[in-house]
Each structure stands twice: as C-alpha cells, then as structure tokens.
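Following: one structure in structure tokens, then a few remarks.
Values in this text are rule-based calculations from the coordinates and carry no lab data. On a predicted model such as this, the values are computed, not experimentally measured, just so you know. Here the Cβ positions follow ideal geometry from the backbone for every residue, glycine too, while neighbour counts run over all protein chains shown.
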C-alpha cells in the first residue's frame, strides 16, 4: 500500500471504476455540475522552496528534507487541504520532517528549536481537518514537523487493571494488533482510525466508537507523559483522583501547543462477546430526535446510537425514509444485552419508530474488531457502515471533480437542537447558493448523544467551480460556523480547533480561561515554538 | 436546629444517651482508653483577636465580625479541626465573614481584597477535612472569608435537557428540595450532603452517590460561572466538547485558588423507579476484592458497589465476617435492573461470595431520595447506611473522649492495590503504636470503583491522650500519606488537597503542570489573594 501525499489514505484504495461511476451518478442526480476529473500534480512539479534551516549534526539523521515528505506533511486531510493539494497550492511547507525514535530525541529536537526559535508542529497521522498540522508559522525563521510515527509500540500491559502503556505515534490498526494477543482492545474507532495515531487522538480529544458514556478519548486516559520545552510532565497512573485540577485534562485538547505527548497509560477492555443491534426507521425527524433523546436519557448506554436524517439515509445508506434512521447497537464482554436493545426499541416505538425487519437478536460470536463494526446490524446499517469507511475516499473523488463535499460538527443541549439545526441548515443552504449559484445538499446525523444533548454532524454536497472550490467552501464554512456559534453550540465536538476554527473558538472560550491558557503555555513553552497559531494567537 | 460551631452538623443531633454509651462501649472493647468527656469551650472564652481590617462602607453590610461567625469559619470539619476547637485553639481566624448576595457583590469583595492584598477564603458549607477553609494566610494583612450561603437558589430548569442553573451556595437538601417539584434530582450525595454546598463540591471535585461511572461531581457539570479577580469566566452549556482543553476542568478542583464559582449548569436525572440491592459476604478479603474488580470491569455499572473489610463490617454494620461485605445496588428511572444485580451476584459467587438472605429483589417504588439511600438493602447494609450518616457525629463524640477517630482515602490501580493496602495498613498500625503506645484499629472500604482500580477509604480508631490527639493524629496521617505516595496512590480521591495534603500533592503533581497552574493563577489572581497556601505555595 502507498500512502497518498495529497488525499486520504492509500493510493490503491481510491475510488475508481464502477464505484466512481455510481458515486458521480448519485451526486449528479442531487446537485448537477461539471464533472471533469482533475489529477493531482506530481510532487516534482510543486516547486517547493529549499529548507531554510539545517539541523545540527546530532539531529541530522532524524530529519528529512525530501520533497515528498515535506509535501505530505504540509496539510491535513480536510476538503480544503485535498483541493489545495490538487491545485499544487502548498504555501506553507515544513522545512524539515523529523522522526524521533525516543523521548530523548524529542527533547533534543525541542531544545534545538527552542534555542533557534524554530516552530515545531507535532504530527501524528496528519488527518487533521482543522489546519492543526499546517505550518502557517510566518513569525518563525523555519518550521520542523515532528512526526511521531517511529514511536509506535505498546510498552507494557497491566492485565489486572486492564491498561497499557503505549507510545503515542502508533496508528489505530497497529495499536489494536499489539493489544489483541492479550485479549484486550482500546476500542477507539474514529473514522480516521486506520490513519490516525493515539497521540493525535489525545492531543485533539478525538471522538470514538462509543456513542454514549466514553465518547471522547479523554475518558480512556489513565496517565500521560508529555515532553515540554520546560521538562517532562508525567502524571501518575490513577483510576480517578480529586487532587487539584486534572493535569491530564490540561494536555488533552492542547493540540501540540503545550508539549509533545509521547506516552499514555490507556484504559482497555475485553473484546465484546455479546452484541445486539437494530436500525429503526422514522417517518418524522422530530419524533426520531425525541426517541434518540429518550434513549440517551434512559441510562441504557448503547455503544452505537446514530441518528441519520433522511438525506444522510438516502446518500449513505441507500434508504428512502421520511424522518431518518436510528442505528442502535449494544455490546458487552460480560453479559447479554438483549434486554437493553428491547427497551431501546420500545422507546423508539413509543415515538413512532419502526424497527427494521433485518434487526439482529443477541449475537454470541466474537467481535471482528473492525472500526465501525458495531454500526452493523441489518442491511441499512451495513450499507451505512461500508459507506462510513469509504466516505473520505469518496470525498477525494468528488473533490477531483470540482464537487464541494465536506463535513462539520458540533454539540448542543437538547433544548437548543431544533433551533440550531434549523439555523445551521438554512445558513448552509443559503451560503451554498451564494457561493455556487446552485442548490446543494445538507445532511445531518448524530455521532454521539448525551443525556443533555446530541453531537450533530453535518455533511455538505454541492457542485463547485474548479479553481474556486476552496473559496466556495470557506464561504460556506464561515456561514455555518457563525450559525453554530450564535446558536450556542460548540465550534467542535471532536474535530478540534486547529487554526481554522480559531475565530469561533476565540468567541466561545471564556476570556479568563484564554488568559490562563496563554499563561500556562508561556510557562511550558517560553519561546512560543509549539504549533504557533493553534488554539492561541501566534506570538 | 442549631449549627455546631466546633463540630459536625447540628447541635441537636450530637451523639448522646444510649447511643453514646453503646458507642463508647464498642470502642473500649477495641482500643481501651481514658474516656473523660471534654466539653467545647464557650465562644466568649476563645479570646479572638480583633479584626485587623474594616470593610469599605459599600461592603460593610455584607461583612460580619461576630465572634461566633468568625469561630465557625476558622476551621473545617476534620478530626484535627474539631479537637482544636474543643481545646479552644483557633490560631487563624478570619477577620471578617462576608456573605454576598449576588455576583456583583462577590466581584466587589474580590476587587476590594485585591486592592488591599487581603486574603480571600471562599467558603461553601465549611466541611473541608484538609484545611481548605482555614485561613493560614500569614503573608497577608487580613483575611476575609467569603461565605456563599446566601446564593442558594435554582435559577432555571431545562426539563428537556435535564439540567438546571444553580447558585453554588446551596446546601444539598435545599438543592434537592428545589429540584424535586420538577421530578428531577442531582443525585450527588457525599457523606457531607446535609452541610456542604454545590460550590464546595465543584471546587473540591467531590465524590458522590455513584460508585461507578459518575463518581465525581465533575461529570455532572455542563458549564460554570467563575468570578476571578481578572473577570468572569463563563463557559458555554455543552453536553460534550472537543474545543481545546476543557475550561471547566481547570476550575474543577481549583479549591478557591483561581476564582469563586458562583453558578453552574448541572446535569440532572429523574429519581430512580427501579432498584435492586444486595449484600454479599466473603470469607476472604482477596476474593472479595477480586469479585469487586470483576464487577467494576463488567460494564454493569452499579450505583453502589462498596466493599467493607472485616473491621469496617464489624464496627459500622455489626457483622462478623472473615473477608468483608460487598454492598451492591442498581437503580434506574427507566427500566428494571434485576438482570444486572443477578449477573453481579453471579460474579460474586464465582469468587466465593454468599449473597445475604435479606437481599431484596426488584423494587418498583420510588426512591426516598435520602443521601446514601441506595446503600440500603438487607439488614447489613441498612445498619451500615445508618452508621454512615452518624459517623461524623460519632467521630465528634469520640474526639471529646480523647479518642483518635479519622479517615483518609486514595485511589490506585488494581495491580497495586494489595501492596498499597498492606503498606498503608502497616504504616497506620505502626504509627498508632508510636503515637499512642497502644494498638489501634485500621479499617478499609471502597467508596468508588473503576475498571482500572478502586478508591480505598481507610478509618483509624485509637485511644489518644487528651491534649495530644492532634499531634498523635498528625503523626499517623504523615505516615499513611507517605505510604500512599510511595505506593503510587493519589493523596486524595475526593477529599481535596487543601493545605494539609500539600507535601504529598506537591510530590505527586508533575512539575511542569505545577508551573502551568501557577502561571494560570498569576493570570487570574495577580495579587495572589485567593485562598493562599491551598494547592500552591503561598506567595
């Protein structure tokens, strides 16, 4: 397999042939446009500027100035990243890509960069969709991207407490393959699972497999080791504590601005043995939302509880339904979960939901451990699941055909959801018309649900104009972000802030907390070299 | 009811008569000593120094210099606080007790104190057992204790999202009585429930009713309003977010050092309708621990899962059993929980546990909403529950009779529990012998359990020497704190750090995080007036 430098995942997995024909036909039916295919440029044609810095001899062996490396580390994997890559527009490229093998080398890199004022961009799998790894660091003489990919081992396993000490550069599948012989799993499956790292999940508070309870990676953290320019911060392994503000919670979500997270003790579990799954169709979206809320407040705590609206059901699960489809799954390594599913379905029926005939009962077989696997259960959800894993590849194919295809997400309390949903959808539709002159499609699903509110996840599909799709998307994104901010939602539930969400994050974040965070950063990173411009203004 | 200035709770609820006789007899049997009763001194005899400061006219109406007020705000409610009160030893007394009625007045108080360099001790219910409200602030010209007791209303209820906006000065029962007409409950019942406040719970990361999942108040917080000397920090109401490090998590556990928490949106729930409870006896403590771990890792998530060791069972539940008693309870407002209890009992039997004959099956009746109520279930647990609520009163009665009676707590991973338990118990026993020349009693229970470890809670009972019991206890406390620290536990799972846990907290806390926290404090409280000496060194 060859990793794509410009787009998602592996080159060999790109959408092509019959899948491409079908995808384009489906999208043409919704929002017709010019469908010329635009190939990615050759790296040699990019004309990258020469690196502005030479590493000291002691670090030279860790550092690559190879154009392919530098190009592949210039952007994340958002729509706007992919399109700019397709246009060969790489305005900010790291001067060097460093690949430390241990904490000593991370420290040495930070020391060198701190001394020279060189910006440091910590880099896991590079799947940021918010400009989190893009080195827009103009105030610095150079930028070194520190790719943690060589620090990818599970170092220690505590079977009794079900926890493991793990190097943070490990990709999802490699992590699970190291845990599997011990009968354990982290069971954190973001959509990016195959190409993102533990360190990236921790630094960005990634959302994972579980729709309820342990929604963010935060909840699975026992302790962290973080290399900061001011020393190593190592928290104690604890199942819970009340000793002052949580040290780990300061670094979770710090997005590379306070230090480089190198190791974590993570809470694990056994692979599920019992599973019960169903999908439920609703004729009315408000009723579907009410049913989902009832389940979220029931204490049943499903592993999956994903409400797809009508458009999402049609585009990504091939189901035509008026109000949407609720995908439900329960799982346990200890006990049957049939009762829980039955009660959840009862709550759905109370709200007019119709469980699919393809609903599966109790399953005793072991989980197949694939990301998204608990979304399976009946043809509707299997279709959706397969679509879920193909989405980023499809997005790239659409981007090559001048389509605008991107997602954004938030979370809000239940009482504000209707107004937020309306405001965001209307803002998106209007902005699409303004930007493209045509009507697009706006979809919504819930990725996670809480007793006090859902995490809505929106998709936008529209026919763009080749050469302008980034500007068109930026216009739409600004409009929906304004709508989210004004409706009381968070600018991100699990995509992180990066550089792109800053204007809205700055308004959402309490000013005194901004002052406290800036002061904390100044204490840990006095030279201000760590991921400048992310979370906080570049100095 | 009259609140005791020197001891726990209400004067009218003190241990007396037959209860006192029985208590003293029980303790005499375990650890004989001189049982003269020592009465608390009259407040007039304390000879408190005159206040060193006069409030400005605009704030005079909020400030009390009444000796009874000042004496009642001088100490928390730890054993060492009560004993020092009994001896009339009040070395640090606030100069004034201020009772603001709204945020404007809190701000005005902070402005005045910041201007004058006067130390500010935020005060909720004053039940700190770690010196958190004791004004040991020698570097300041005066100390004002800000008692939030007048800010005690539920301001707004969102029935849809099941949340409420609440002023933080509200005591537990008054909070529940305001929620009850709406069919909602916070369901956070620390042992101090009757006499502690929401603000105190938030500032100290209090542990509550739930033995699993939502163990700390932290998990029930939707948003916070905090008045800092640098402005108001108001976070957004969100069910979940991934926008940078959590602002709320910086203030949770800040123990009054960063600001005064004045309001919070808290997540609520409906009162439970189904409950299933049991107690399980074990002949062997290691087997009881293994059974408890199996339940903690099962995903069954009992509301109560409290393992009492043999000494704890005997002293506080009147049960003689070799390995201990596990008190289990499940509860739900939505669905029967019998299946969950049955599976938990199966896990207990697998480890040699014997469920009590008094085990209750499913209960359909509504909860009585009392603190600790889910601990009920069979005569063993009912005895323990009633004991739980009387414990602080009994502690005071013992203190008056020159007994040493105190608790301390921690949390650790399962793999380290055996060694920690042994080290702490041995350290306690040896220190008791060193301090008192006699053998005492050391008990252990789990207050909360996690998949990766328990929160052990220890009790110490020993015959002391009147006039020396504080020094004797301090010797014991230092020994057990060393043992906890060396064994990898946290110096506190839910009692907080305050001033008394500082030496061990300082060693446990990562140095870079200490630097970050100090910097954050300097940004929010530039004059360093907020609760000096708590969490961080006094300037």
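Size of the stretch A:380-507: Rg and Dmax of its alpha carbons, in Å, are 14.6, 44. Figure legend: label point modelled 7 angstrom from the Cα of residue A:38 along Cα→Cβ; residues of the stretch A:452-490 with amide N under 18 Å from it are A:461-477. Entry for the stretch B:19-101 at q = 0.15, 0.19, 0.25 Å⁻¹: log10 I(q)/I(0) = -0.67, -0.89, -1.19, Debye formula applied to identical alpha-carbon scatterers, no solvent contribution. Overall dimensions of the stretch B:451-539, expressed as equivalent-ellipsoid semi-axes from the Cα gyration tensor (√(5λ), whole Å, largest first), are 28, 19, 10. Dividing the convex hull volume of the alpha carbon atoms of the stretch A:244-306 by its residue count, what do you get in Å³ per residue? Cα convex hull per residue, to the nearest whole number: 197 Å³.
Summary for residue B:503: label point 7 Å along Cα→Cβ; distances to the equivalent points in the other copies, ascending, 5.6 nm. Normalised by the number of residues in chain B, the mean separation of alpha-carbon contacts (under 8 Å, six or more apart) gives a relative contact order of 17 percent.
Using the empirical formula 2.2 N^0.38 Å as the baseline, the Cα radius of gyration of the protein assembly as shown reaches a ratio of 0.95. Pair-distance distribution P(r) for the stretch B:418-483, from all Cα-Cα distances in 10 Å bins starting at 0: 22, 50, 22, 6, 0 percent. Between the stretch B:80-113 and the stretch A:52-85, how many Å separate their Cα centres? About 58 Å separates the Cα centre of the stretch B:80-113 from the one of the stretch A:52-85. Shape class for the stretch A:103-201: oblate, because the ratio a/c of the largest to smallest gyration tensor axis (alpha-carbon atoms, square roots of eigenvalues) is 1.5 or more and b/c is at least a/b. Projecting label points 7 angstrom from Cα along Cα→Cβ for residue B:116 and residue B:89 puts them 3.0 nm apart. Each of residue B:180 and residue A:182 was given a label point 7 Å from its Cα along the Cα-to-Cβ line. The distance between the two points is 4.9 nm. Each listed q (0.11 Å⁻¹) maps to a log10 I(q)/I(0) for the stretch A:168-318, found by the Debye formula over equal Cα scatterers with no solvent: -0.55. In nanometres and ascending order, the distances from the residue A:60 label point to those of the other copies are 7.8 (point 7 Å from Cα along Cα→Cβ). The label-point distance for residue B:16 and residue A:156, in a model that sets each label 7 Å from Cα toward Cβ, rounds to 5.6 nm. Stokes-Einstein, applied to the Kirkwood radius of the stretch B:23-178 over Cα pairs at a viscosity of 0.890 mPa s and 25 °C, places its translational diffusion at 139 µm² s⁻¹.
Taking only the C-alpha atoms of the stretch B:38-83, Rg followed by Dmax gives 13.2, 43 Å. Normalised by the number of residues in the stretch A:1-133, the average gap of Cα pairs under 8 Å and 6 or more apart makes the relative contact order 28 percent.
Dividing the mean sequence gap of close Cα pairs (under 8 Å, 6+ apart) by how many residues the stretch B:156-264 holds gives a relative contact order of 28 percent. The convex hull defined by the C-alpha atoms of the stretch A:197-236 has an orientation-averaged projected area of 3.3 nm². Seen from every direction in turn and averaged, the convex hull around the alpha carbons of the stretch B:72-156 projects onto 6.1 nm². Size of the stretch B:255-343 from its Cα atoms: along the principal axes, largest to smallest, the extents are 48, 38, 25 Å. Rg and Dmax, both from the Cα atoms of chain B and both in Å, are 22.7, 70. Ascending distances from the residue A:36 label point to its copies in the other chains, with the point 7 Å along the Cα-to-beta-carbon line: 10.2 nm.
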